[in-house]
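Comments concern the structure below.
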Amino acid sequence: MKNFSAFRIHSDNKGTQAGIEQLSIDDLCEGDVVIKVKYSSVNYKDALAGSGRAQILRRSPLVGGIDLAGEVIESTTGEFVPGDHVLVNGSGLSETHDGGYAEFARVPKDWVVPLPKGLSLSQAMIIGTAGFTAALCVHLLEQNKQKIDDGPIVVTGASGGVGSFSINILHKLGFKTIAVTGKKNSFDYLYELGATKVVGREKIQIGDGVLEKTRWAGAIDNVGGDTLSALVRATKPWGNVVSVGIAGGVKFELSTMPFIIRGVNLLGVSSSNCPQTLRKEIWNRLGDELHPDQIAKIHSNTVKLEDLPQTFEKLLNNEIQGRTLVEVNSD
Ligand SMILES: NC(=O)c1ccc[n+]([C@@H]2O[C@H](COP(=O)([O-])OP(=O)(O)OC[C@H]3O[C@@H](n4cnc5c(N)ncnc54)[C@H](OP(=O)(O)O)[C@@H]3O)[C@@H](O)[C@H]2O)c1
């Protein structure tokens with residue numbers, strides 16, 4: 001097999017360099033299944049890794065990209081045969097193992113998810129880790145008995161990837177949602193995804209009491225920091241708050257009062273190391289009853305490997321609405 005293009009990241013305590021390199025299959029981390037990558041995507045974590053804004057790689061160098069979808073071309077296991085359409089998300093891609101920003105990937109068989117019925121390869125990557133995580137959040141809300149009649153679910157960082165899919169999937173299931181965004185020009189977009197109400201970020205700044213007047217029944221939070229604290233302190237009794245992201249900060253201050261007086265649950269979600277059985281279940285649901293009906297609207301643009309550095313900058317500057325698909329192989 002001839003050499004192929006890969007967006008590779010070199011990262012150590014002196015800094016990060018990333019760009020297109022020509023690799024051979026033998027340059028890739030070992031694995032049972034070789035996949036011709038058709039599409040990948042751009043997640044917040046990809047932008048942090050590729051720009052060097054945070055230390056995501058736990059070995060270097062690595063091909064970037066925490067998502068990939070494509071066609072199996074070689075397999076040392078009977079579980080997959082050439083021609084199978086598959087995807088991989090998280091699981092160590094671009095952290096400990098070469099990721100999806102290359103024309104070929106070689107991965108352990110246990111990470112490979114058969115493409116769910118009901119999704120094309122491009123749809124699977126528009127969804128990608130962001131949409132998968134949104135569906136995982138919904139699964140956690142369901143498991144913790146969040147009911148539609150309890151009231152609205154507030155979603156922060158709403159115009160981003162996780163936020164957009166959270167709004168769309170919750171709407172599909174019948175939940176009322178409050179979309180919180182910092183982008184004034186994303187209000188119409190969020191209503192089109194199904195948000196019941198769209199508010200600016202400043203509207204959820206509340207007092208600093210250990211408990212505040214309740215305003216929502218649950219939350220999916222992509223922002224972290226003081227925002228997460230505010231969300232928990234204004235959640236109705238027995239509501240569930242899922243902590244997903246850190247776009248606005250990592251640390252937060254909170255008392256135990258929301259937990260012991262109101263029985264509020266603060267739930268964590270970790271897509272990268274999600275158990276594989278649950279990962280497959282969530283992907284199958286995304287192809288079926290959780291299938292987002294606004295995938296085309298959430299897909300904001302398509303880029304090539306060489307466009308990644310500018311795309312990372314835009315995403316980290318909060319200039320991107322929805323999801324960016326990466327077309328890796330166009331043949
Ligand atoms: N736990 C997990 O398994 C998991 C999985 C995937 C992603 N994540 C995390 O979830 C977050 C969202 O990921 P994503 O891929 O959806 O990223 P994204 O597309 O960049 O969306 C992030 C959104 O957060 C909002 N935001 C950005 N900077 C902010 C700031 N300084 N203060 C407040 N809000 C800000 C923006 O939305 P508005 O302009 O609409 O406010 C932005 O669109 C990231 O922190 C990511 O690392 C976690």
Of the candidates 188, 149, the one satisfying the condition of being within 21 Å of residue 323 (Cβ to Cβ), charged (D, E, K, R), more than 11 Å from the ligand (Cβ to nearest atom) and out of contact with any Ser or Thr (no Cβ under 9 Å at 6 or more places or on another chain) is 188
How many residues does the range 102-115 hold that are surrounded by 18 or more Cβ atoms within 10 Å (Cβ to Cβ), under 21 Å from residue 274 (Cα atoms) and not basic (Lys, Arg)?
6
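To keep it simple, each residue is scored yes or no on (1) under 24 Å from residue 293 (Cα atoms); (2) more than 9 Å from the ligand (Cβ to nearest atom); (3) among the polar types (S, T, N, Q).
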{"residue": "157", "(1), (2), (3)": "yes, no, no"}
{"residue": "170", "(1), (2), (3)": "yes, yes, no"}
{"residue": "173", "(1), (2), (3)": "yes, yes, no"}
{"residue": "183", "(1), (2), (3)": "yes, no, no"}
{"residue": "197", "(1), (2), (3)": "yes, yes, no"}
{"residue": "203", "(1), (2), (3)": "no, yes, no"}
{"residue": "209", "(1), (2), (3)": "no, yes, no"}
Of everything in the range 163-180 that's under 14 Å from residue 245 (Cβ atoms) and of a type in the set (Ser, Thr, Tyr), which residue is surrounded by the most Cβ atoms within 10 Å (Cβ to Cβ)?
166
Taking the range 116-139 as the search range and keeping residues that are in contact (Cβ under 8 Å) with a residue 60 or more places away in the chain and more than 15 Å from the ligand (Cβ to nearest atom), which one is nearest to residue 276 (Cα to Cα)?
116
Filter the range 7-32 down to residues that are part of a strand (DSSP E or B) and modelled with pLDDT under 95 and give me whichever is surrounded by the fewest Cβ atoms within 10 Å (Cβ to Cβ).
15
Name the helices (runs of 4 or more DSSP H) wholly within the range 219-329 that hold at least 1 residues that are near the ligand (Cβ under 9 Å from one of its atoms)?
225-233, 308-316
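The values are calculated or read from the model by the stated rules, or taken from the named source; none is laboratory data. Predicted model only: the values in this text are computed from it and were never measured. FYI the Cβ positions are ideal-geometry reconstructions off the backbone, even for glycines, and counts take in every protein chain you see.
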